[in-house]
Amino acid sequence: MSRTAVIVGAGIGGLAAALALRRAGWNVRIIERAVSPRELGYGLGLAPNAVAALRDLDVADVVLSRSFVPRRGELRRQDGTVLKRAELPPRALGGPLVMALRPALHGALLDAVGADAIALSTVATGFTTSSGGVTVHVRSSVGDDVVEGDLLVGADGVGSAIRQRLHPSQPPPRPCGIVAVRGVVHGAVPHLGDCDAVYYLGRGVESVLIRASDTGIYWFLSIARDVIPEGLQEPKAIVAHLAPQFDETWRGVTAATTDLRFDALVDRDPLPFWGTGAVTLLGDAAHPLLPQTGQGAAQALVDAVALGKALAGNAPIEPALRAYERERLEKTAALVAQGRRTARVMGTTNWLLCYLREWAVRLMPIQQFVRLSVRVNRRAGTDIRH
Ligand SMILES: Cc1cc2nc3c(=O)[nH]c(=O)nc-3n(C[C@H](O)[C@H](O)[C@H](O)COP(=O)(O)OP(=O)(O)OC[C@H]3O[C@@H](n4cnc5c(N)ncnc54)[C@H](O)[C@@H]3O)c2cc1C
């Protein structure tokens, strides 16, 4: 009889884990607190390692058919001065860098998993373990209940309740000093001219406008907290506050956007270990990454594939989970550290560092920049190529 995995969280990590475990012969039950599992329409960069994981999960073709491969970009100062114009070599990373709107990725995973496997509007509040397996305590509008399985995967994001139960002495997520506004707009592609992407670097400000579908532009604005007035959180007000510093392209794209949101980015230290017994963690619950890595969703997908492989066949559960954690913990911990370093360089408000950063970026040929980012990731234990 096939075994049952209970997964908390129907984000990219939880859905990918469900697919990977099914392929490994498991039944899956997913618990999701949201009323609807559809993500809001923001964008994600999928490096070749993420695309390879999607291939393993058999959903790459669907995702790729709904996404966009940016080829030509400009690096600008906020005032529009072009610092560099570059063609992204299509196979520089062994495969293209793909941009997808979240519904393209999340929707493809969701369709593959099937709605029947997901209990919506259901919050996991805790769990107990016994020799017979795991009992997950849940709460929904019909009251308190339990869901039983042979193992539990906490894929419940950066504020994970499962992580909290496993590691009660660990501090909660803390603000990392950077806030972000993200948006998606359809029909504004002409603002980009002949570019697929425009990247802005300023003092304490980093922003990207990038095509993520045939009609859609995903944009991302990352700001050092002290660059905007204290308490300013409304995304449109932040855009209006910064707009005078930006060029016409940026102002045009952001002004046309009605779908946008604000996030104060948070950070957590890597855990000394992830799970115990028949319980483990995956994705942001295990290793939240700052968006400057561009690897949050990718690493959740890679975790899922590794988990499925470890639990394939009739592998005994606990040794398989510890083997999965051994494979993933160190690599993702190194990426957490890498994300912090990148965020510091990109979000600096120090004039001298900003000046040096601009010169470094201007002088470095794009191929070398790609090689550097591959090397930086490899040093952090992750090969983003394929
Ligand atoms: C501004 C920004 C930009 C980013 N850009 C990129 C990028 O370009 N490329 C990239 O790869 N990554 C990017 N990321 C990171 C990426 O979004 C995340 O790393 C990824 O989505 C993590 O997926 P996850 O499934 O682990 O967690 P989540 O997506 O957070 O999913 C967790 C799920 O669990 C549910 N849940 C939580 N608690 C409970 C509970 N107690 N009971 C039941 N359900 C629960 C939540 O409702 C949610 O659906 C970015 C992140 C940010 C903030």
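Quick note: the coordinates plus some simple rules give every number you see, no bench work behind them. Computed from a predicted model, the values in this text were never measured in an experiment. As a convention, Cβ positions derive from the backbone with ideal geometry for all residues, glycine included, and neighbour counts pool all protein chains shown.
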For this session: Could you sort 275-281, 29-35, 253-259 so that the peptide with the highest average Cβ count within 10 Å comes first and the rest follow in order?
Result: 275-281, 29-35, 253-259
Exercise. For segment 1-140, what is Rg from Cα atoms divided by 2.2 N^0.38 Å, rounded to two decimals?
Worked result: 1.33
For this session: Sort the following peptides by mean Cβ neighbour count (other Cβ atoms within 10 Å, averaged over residues), highest first: 173-182, 50-59.
Result: 50-59, 173-182
Exercise. Along its principal axes, what span do the Cα atoms of the chain show, with the longest given first and each in whole Å?
Worked result: 64, 43, 38
Seminar exercise, completed: Per the Cα gyration tensor, segment 103-150 corresponds to an equivalent ellipsoid with semi-axes, largest first in Å, of 25, 15, 8
Problem set entry | For segment 88-179, average projected area of the Cα convex hull in nm² | 10.7
Problem set entry | Computed Kirkwood radius, in angstrom, where 1/r is averaged over Cα pairs of segment 249-304 | 14.0
Exercise. Taking only Cα atoms, what is the 0 to 90° angle, nearest 10, from helix 12-23's long axis to the longest principal axis of the chain?
Worked result: 50
Exercise. Using Cα pairs under 8 angstrom and six or more residues apart, how large is the relative contact order of segment 112-225, in percent?
Worked result: 17
Exercise. How long is segment 255-357 along each principal axis, judged by its Cα atoms, biggest number first, in Å?
Worked result: 57, 35, 18
Problem set entry | Length-normalised contact order of the chain in % [C-alpha pairs under 8 Å, at least 6 apart] | 23
Problem set entry | Rounded to 5, the percent of DSSP beta bridges in the chain classed as antiparallel | 75
Problem set entry | Over 17 Å [Cα-Cα, segment 207-259], rounded percent | 36
For this session: Note the angle between two axes, namely the Cα long axis of helix 351-363 and the longest principal axis of the Cα atoms of the chain, as a number of degrees from 0 to 90, rounded to the nearest 10.
Result: 90
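Based on a Kirkwood Rh over C-alpha pairs, give the Stokes-Einstein translational diffusion coefficient of segment 209-311 at 10 °C and viscosity 1.306 mPa s in µm²/s.
After rounding, the answer is 94 µm²/s.
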Exercise. Among all the lysines, which ones have a C-alpha under 21 Å from residue 331's C-alpha, if same-chain residues fewer than 8 places away are not counted?
Worked result: 309
